[in-house]
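Report on the following structure.
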Amino acid sequence: MPYYTVMPLSSAPFPPTGFAAARDALRRTWLTLAIVALVPASAAARIVPNFLTIGPTPSLSDNAPNLWSIVQALPWLGSLPLAGLAMAMAIGAAAWLAAYFSACPPRNDAQLPAALLIALALPGLLPYMQTHDFLLAVALSCALAIRRRSAVIAALVSIGYLLAVVGAAPFGAMAIIAATVLVARAFLTSPANDNGLPLNPYIPYPA
């Protein structure tokens with residue numbers, strides 16, 4: 001009569017499948033980006049009353065190193081009511097970032113640059129921003145410099161912030177815009193390779 005040995009079931013949890021692991025990573029990515037986006041979102045909520053008041057409106061840029069500090073420094077544009085346009089551009093940029101990161105979720109080394117892009121782009125387009133609205137971008141750029149051992153972007157962001165602190169916001173805005181372009185350029189798809197696959201600096205070259 002044959003004998004069978006019954007092995008006891010292990011109480012250890014099963015390792016997550018590839019799909020479950022990818023889903024958990026995607027949730028962590030979105031949580032990180034959502035937390036970062038709370039800072040410019042709170043700044044946007046702060047400026048909403050400026051659109052509801054009647055009478056003189058504050059400066060388009062409150063000494064913030066963004067695009068609008070350059071615009072208001074120009075004599076032929078500084079007096080134009082451009083707050084609505086600035087808000088529309090910021091909302092459009094936020095929608096584009098949300099759509100892009102939904103279609104191409106940043107993973108691993110791309111998460112920190114994605115967070116930095118949010119911290120640069122939204123305060124860079126929102127009206128009525130202040131200098132301290134770029135502190136998060138300064139912190140993230142320094143973290144990125146430590147991780148990659150490349151201080152170009154961090155130097156541009158820090159110089160832009162310091163120039164705004166000393167009252168030269170339009171010049172600081174030029175450095176901030178340059179840093180934003182460098183970060184955003186890395187997420188743009190380059191021409192296809194021989195395999196017909198698009199390349200990205202944050203994605204390994206396909207074999």
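To keep it simple, each residue is scored yes or no on (1) aromatic (F, W, Y); (2) at pLDDT below 90; (3) under 21 Å from the mean Cα position of the chain (by Cα).
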| site | (1), (2), (3) |
| --- | --- |
| T57 | no, yes, no |
| A64 | no, no, yes |
| S79 | no, yes, no |
| L85 | no, yes, yes |
| A95 | no, yes, yes |
| F101 | yes, yes, yes |
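Can you spot a residue in segment 38-46 that is modelled with pLDDT under 75, open to solvent by 70 Å² or more (accessible area, probe 1.4 Å) and not hydroxyl-bearing (S, T, Y)? Checked against the condition, which is being modelled with pLDDT under 75, open to solvent by 70 Å² or more (accessible area, probe 1.4 Å) and not hydroxyl-bearing (S, T, Y), segment 38-46 yields at least one hit. Scanning segment 105-136 for residues that are open to solvent by less than 30 Å² (accessible area, probe 1.4 Å), part of a helix (DSSP H, G or I) and either under 22 Å from V48 (Cβ atoms) or acidic (D, E) (or both) yields a total of 10. Residues in segment 60-103 that are in contact (Cβ under 8 Å) with a residue 40 or more places away in the chain, open to solvent by 50 Å² or more (accessible area, probe 1.4 Å) and part of a loop (DSSP other than H, G, I, E, B): N63 alone.
The values are calculated or read from the model by the stated rules, or taken from the named source; none is laboratory data. What you see is a predicted model; the values in this text were computed from it and never measured. Cβ atoms come from the backbone with ideal geometry, glycine included; neighbour counts cover every protein chain shown. The area values use the complete protein model at the heavy-atom level, side chains included, leaving out ligands, DNA and RNA. Shrake-Rupley method; radii C 1.70, N 1.55, O 1.52, S 1.80 Å.
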